[in-house]
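Inspection log for the structure reproduced underneath, given as structure tokens.
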Amino acid sequence: MPRYSSVARALHVPLALALCWSLWADPVWGPARANSRIRPPATLSVFRSGEWRVWWHVDWAPERWSEADTSVTGALDWERLAPGLEWATLRLACPAPTWRARLIVARVDPRQVALSLEMDQTRDKRPAWSIDRAPQDALLAVNAGQFVGGMPWGWVASGGRKLLSAGYGPLASAITIDAAGGVRWGHGDSLMASEGAAVGFQSYPTLLAGDGVVPPALRTSGGGVNLTHRDARLALGETRDGRLLLVLTRFDAMGEITGGVPLGPTTPEMAAIMGALGARDAVMLDGGISAQLLLRDPAGKSQHRWPGLRKVPLALIARPRVPAQR
């Protein structure tokens, strides 16, 4: 008998179910379009007030998001978990083979919570962090950045000290958050100062930069980005009022039983999602089977978990902010 990894075992049944769904529901090969061989153009729809509403179309995708799309934000019913932390979900209809995705959206005010990074590795430098290792006082815990081998990719700073040196690339983004909750972004090969950074790290690819601009490499092919690959996604963005958005996608064609299946939006679609939610700057974090998110209130009475299937080396943690002593 062949031996399967724990990840393969965990995905075996959900992937089989997802494949059956995709083959049945696909507009080209499924029974609904048995006589058609023309795939319809890519669109995104949001489920609101009992119906699906198209809000994004690949042929008229904005090059810049100057403001949130109210057809999307209007579908969010925010729940407050703590001062500076609230969350909501919404349902998306995506092109095949994803079809249905659920967005988990956490909105964080860095001026009202304390943010920090945690690097977690085994003695032999393998990634060791998962949401099961989140501290007891964490309001939010999520995997941060991307990683190569067992190490975070690119620049990492914590407590005003540089821990890792910068990575370089035209679609690299860096975010710095100071102790007071001030947020700064750097895109491309812009270098960020480690001094004063309570939290600082790089990730890629850039989704939005320059006040809502979608990078050209995400709008046309040939820019080094796979524009058609579908995966579970995790992204970080900042709104124009200084709040952070953490957005996790879950496969939703058959409910939460297949939620961990790594199918979701493309990279251009994820840029549109972040723009429609009101972000002016945004970057992708490690998605797929690495993506994981924990949300809870300070008392631990309300807890929401979306685990990943792979451990990671770096996490972003939000805790209640301790009032400054006078």
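The values are calculated or read from the model by the stated rules, or taken from the named source; none is laboratory data. Remember, predicted model here, so these are calculated numbers, not experimental data. A quick note on method: Cβ atoms are made from the backbone with ideal geometry, for glycine too, and the neighbour counts reach across all protein chains shown. Side chains are part of the model used for accessible areas, which takes the heavy atoms of the whole protein and leaves out ligands, DNA and RNA. Shrake-Rupley method; radii C 1.70, N 1.55, O 1.52, S 1.80 Å.
One table, with the values for the structure above:
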quantity	calculated
Reachable lysines from K125, criterion Cα separation under 18 angstrom, eight or more residues apart if same chain	K311
Integer Hz, Karplus 6.51/-1.76/1.60 couplings in order for segment 87-99, x for Gly and Pro	8, 7, 10, 8, 9, 10, 9, 10, x, 4, x, 6, 6
Unit Cα scatterers, Debye sum, segment 190-248: log10 I(q)/I(0) for q = 0.16, 0.19, 0.26, 0.30 Å⁻¹	-0.70, -0.95, -1.33, -1.37
Those chymotrypsin sites (Phe, Trp or Tyr not before Pro) in segment 54-146 that DSSP places in a loop and that have at most 12 other beta carbons within 10 Å	W78
For A114, residues with placed amide H under 5 Å, excluding near neighbours	R319, R321
Accessible surface of the chain, 1.4 Å probe, proportion on carbon and sulfur as whole %	53
Given charges at beta-carbon only (K, R positive; D, E negative), |dipole| of segment 103-231 in Debye	180
Residue-by-residue Karplus 3J(HN,Hα) for segment 134-140, coefficients 6.51, -1.76, 1.60, Hz, glycine and proline x	5, x, 4, 8, 6, 8, 9
Whole-Å distance, taken between Cα centres, linking segment 146-203 and segment 237-260	22
Mean-position separation - Cα centroids, segment 276-310 and segment 109-130, in angstrom	13
The chain: angle of helix 6-25 to the longest principal axis, Cα-based, in degrees nearest 10	40
Spherically averaged projected area of the chain from its Cα convex hull (nm²)	19.0
Relative contact order %, the chain, counting alpha carbon pairs below 8 Å whose residues are six or more apart	23
Helix axis angle, 267-276 relative to the chain longest principal axis, alpha carbon, degrees	70
Amide proton proximity set for F147, modelled H, under 5 Å, gap of 5+	W153
Spin-label model distance (nm) - T89 vs T43, 7 Å beyond Cα toward Cβ	2.5
Rel. contact order, % - alpha carbon contacts under 8 angstrom, at least six apart, segment 219-326	26
Choice from V54, V142, V156 showing the highest fluctuation, given a GNM over the chain with Cα pairs closer than 10 Å	V54
